[in-house]
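First the structure, in the form of structure tokens, and then the observations on it.
The values are calculated or read from the model by the stated rules, or taken from the named source; none is laboratory data. Note that the structure is a prediction, hence the values are computed from the model and not measured. With ideal geometry, Cβ positions are generated from the backbone for all residues, glycine too; neighbour counts draw on all protein chains shown.
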Protein chains: 2
Amino acid sequence: MTPTRQKLLTTASKTFSKYGFYKTSMDEIAKSARKAKGSLYYHFNSKELLFREVVLSELTFLKQELTSIFEDHNADSRDIIRAYMTKRMMIMNISINYQETLRPEFYEFYEFLNDVILEMDQWEKQQITKILNRGVANDELELPGDIGVYAEMLLIFLKGLETPLFLKGQYERLIANFDNLIGILTKGISKI
Amino acid sequence: MTPTRQKLLTTASKTFSKYGFYKTSMDEIAKSARKAKGSLYYHFNSKELLFREVVLSELTFLKQELTSIFEDHNADSRDIIRAYMTKRMMIMNISINYQETLRPEFYEFYEFLNDVILEMDQWEKQQITKILNRGVANDELELPGDIGVYAEMLLIFLKGLETPLFLKGQYERLIANFDNLIGILTKGISKI
DNA sequence: TTTTGACTATTTTCGTTTATTAGTCAAATA
DNA sequence: TATTTGACTAATAAACGAAAATAGTCAAAA
């Protein structure tokens with residue numbers, strides 16, 4: 001990662017998060033970064049690919065933060081799940097460019113990001129499955145049937161909350177109660 | 001409810017659900033119903049008020065259907081909650097005009113329906129609170145703290161699922177697993 | 001009291017011009 | 001060779017006035 005590329009990427013991220021993908025021009029990004037537009041196209045082949053990198057970097061950061069949570073092998077499964085969910089929502093709340101991809105606009109915008117989102121979904125499903133499996137192995141959780149399905153369900157639940165929390169700006173208001181809901185949910189799968 | 005008014009209302013509902021609020025004209029509705037446009041304005045003062053009536057009738061139907069569920073006083077609380085949630089999603093899946101109000105479009109469309117939606121939310125919160133209270137009284141549920149807050153959380157959860165299920169058209173694919181998720185949730189609050 | 005359709009006022013669409021923006025490339029730089 | 005530059009072109013979007021469509025009105029009729 002050269003300094004120029006880094007500079008362009010962070011400037012792009014800031015500008016996109018301020019004006020959104022469609023209201024941001026490549027000229028504007030280049031100018032803000034004090035670089036020529038040619039450099040922008042040398043490093044990122046198109047506007048879509050640039051935005052892709054920006055969203056990808058937000059998701060990469062999210063993954064890092066989440067990974068640190070389930071690496072704590074001493075914690076109780078229920079606590080790990082709780083921490084995972086809370087942290088996930090906390091980071092997503094500041095991932096402004098990811099949030100833009102949630103808008104179900106008219107003509108299926110952001111289709112070029114489908115694979116990025118899909119990859120993240122699969123990653124998350126994997127991690128949650130890991131946590132659940134560990135919990136069952138430790139005799140802390142009770143999950144009859146396919147554990148993968150439970151992981152998928154939890155993910156749907158989390159993703160379902162994204163619209164009310166981030167697009168309708170209710171994160172601040174609801175996050176306090178969110179703990180409550182997670183409490184119920186984790187109690188439902190807890191053996192103890 | 002005169003026959004003309006009824007005819008206009010059902011025609012409006014059909015047309016709106018086919019083309020959406022903005023792509024449907026009042027002329028089109030009047031013509032489809034084989035009535036003069038003046039009649040449309042005699043019964044409903046504006047296009048917005050007409051759409052309001054249409055959505056209201058969908059929500060009224062939903063209320064009726066849901067009411068029949070928690071009137072069964074012999075059923076176990078957990079089963080009632082499960083039935084409530086499943087039926088709610090089933091009816092909403094066919095409430096096309098309500099679904100249109102879920103789209104968070106650019107300029108805060110459908111603001112004129114805010115009070116209708118708010119009223120429905122309050123009604124639902126009330127009903128869920130009732131069910132939970134009964135469950136606690138019957139010693140079937142365990143809910144320390146404010147029961148109203150739990151009801152609100154359940155509602156947020158249900159409303160959070162509306163976007164993935166209806167706007168992203170995943171209802172058919174996910175409804176099977178939905179039961180699973182409700183199972184976990186209700187187990188979390190179950191005493192038995 | 002309800003229904004009608006011709007009528008007006010307001011919005012939206014359309015076609016054209018103008019301006020902006022995405023993307024290219026040969027030359028310069030390191 | 002790898003990177004950076006900015007003038008350049010092609011594609012897209014904004015601006016705008018004219019034409020069409022649509023929301024809403026109203027006097028007459030049923």
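So for region A:78-87 (the condition being part of a loop (DSSP other than H, G, I, E, B) and without any contact (Cβ under 8 Å) to a residue 24 or more places away in the chain), does at least one residue qualify?
Filtering region A:78-87 down to residues part of a loop (DSSP other than H, G, I, E, B) leaves none.
No: region A:78-87 contains no residue that is part of a loop (DSSP other than H, G, I, E, B) and without any contact (Cβ under 8 Å) to a residue 24 or more places away in the chain.
Any idea which of (1) more than 11 Å from DNA strand D (Cβ to nearest atom); (2) touching a residue at least 40 places away in the same chain (Cβ under 8 Å); (3) farther than 20 Å from B:Gln122 by Cβ is the one B:Ala75 doesn't satisfy?
Of everything listed in (1) more than 11 Å from DNA strand D (Cβ to nearest atom); (2) touching a residue at least 40 places away in the same chain (Cβ under 8 Å); (3) farther than 20 Å from B:Gln122 by Cβ, B:Ala75 misses just condition (2).
Among the candidates A:Asp115, A:Asp72, which residue alone is closer than 30 Å to A:Ser190 by Cβ and acidic (Asp, Glu)? If you could, list the steps in order and put the result at the bottom.
Details: A:Asp115 fails: closer than 30 Å to A:Ser190 by Cβ.
Criteria check complete, one pass: A:Asp72.
Taking region B:114-151 as the search range and keeping residues that are modelled with pLDDT under 90 and crowded, with 16+ Cβ neighbours inside 10 Å, which one is nearest to B:Asn74 (Cα to Cα)?
B:Leu143
On the given criteria, is B:Lys18 within 16 Å of DNA strand D (Cβ to nearest atom), exposed (fewer than 13 other Cβ atoms within 10 Å of the Cβ) and within 19 Å of the chain's Cα centre (by Cα)?
Details: within 16 Å of DNA strand D (Cβ to nearest atom): yes; exposed (fewer than 13 other Cβ atoms within 10 Å of the Cβ): yes; within 19 Å of the chain's Cα centre (by Cα): yes.
For B:Lys18, the condition - within 16 Å of DNA strand D (Cβ to nearest atom), exposed (fewer than 13 other Cβ atoms within 10 Å of the Cβ) and within 19 Å of the chain's Cα centre (by Cα) - is met.
Among (1) under 20 Å from B:Asp121 (Cβ atoms); (2) touching a residue at least 60 places away in the same chain (Cβ under 8 Å), where does B:Ser57 come up short?
(2)
Go through region B:133-192 and give me each residue that's within 10 Å of chain A (Cβ to nearest Cβ) and among the β-branched types (Val, Ile, Thr).
Within region B:133-192, B:Val149, B:Ile156, B:Thr163, B:Ile182, B:Ile184, B:Thr186, B:Ile189 meet the criteria.
Yes/no per residue for (1) more than 20 Å from the chain's Cα centre (by Cα); (2) exposed (fewer than 15 other Cβ atoms within 10 Å of the Cβ):
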site: A:Lys23; (1), (2): yes, yes
site: A:Ala30; (1), (2): yes, no
site: A:Leu49; (1), (2): no, yes
site: A:Glu53; (1), (2): no, no
site: A:Leu56; (1), (2): no, no
site: A:Gln64; (1), (2): no, yes
site: A:Lys87; (1), (2): no, no
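Where in region B:93-170 are there helices (runs of 4 or more DSSP H), lying fully within it, with 3 or more residues that are more than 30 Å from B:Phe16 (Cα to Cα) and outside the structural domain of B:Tyr19 (by TED's automatic domain parsing)? Before you say what the answer is, go through the steps one by one.
Working: elements: B:96-100, B:114-137, B:147-160.
Qualifying helices (runs of 4 or more DSSP H): B:114-137, B:147-160.
Identify all residues within region A:32-47 that are within 8 Å of DNA strand C (Cβ to nearest atom) and buried (at least 17 other Cβ atoms within 10 Å of the Cβ); write none if there are none.
Passing the criteria: A:Leu40, A:Lys47.
Is it the case that A:Tyr22 is more than 14 Å from every other protein chain (Cβ to nearest Cβ) and within 16 Å of DNA strand C (Cβ to nearest atom)? Walk me through how you get there before you give the answer.
Details: more than 14 Å from every other protein chain (Cβ to nearest Cβ): no; within 16 Å of DNA strand C (Cβ to nearest atom): yes.
Taking the combined requirement at face value, the residue does not satisfy it.
Checking the conditions here, which among B:Leu50, B:Leu40, B:Leu56, B:Leu66 is more than 17 Å from B:Lys130 (Cα to Cα) and more than 8 Å from DNA strand D (Cβ to nearest atom)?
Values: B:Leu50 fails: more than 8 Å from DNA strand D (Cβ to nearest atom); B:Leu40 fails: more than 8 Å from DNA strand D (Cβ to nearest atom); B:Leu66 fails: more than 17 Å from B:Lys130 (Cα to Cα).
Among B:Leu50, B:Leu40, B:Leu56, B:Leu66, only B:Leu56 is more than 17 Å from B:Lys130 (Cα to Cα) and more than 8 Å from DNA strand D (Cβ to nearest atom).
Can you name every residue in region B:1-19 that is among the charged types (D, E, K, R) and within 12 Å of DNA strand C (Cβ to nearest atom)?
We begin by selecting, within region B:1-19, every residue among the charged types (D, E, K, R); these are B:5, B:7, B:14, B:18.
Once the filter is applied, which keeps residues that are among the charged types (D, E, K, R) and within 12 Å of DNA strand C (Cβ to nearest atom), region B:1-19 yields B:Arg5, B:Lys7.
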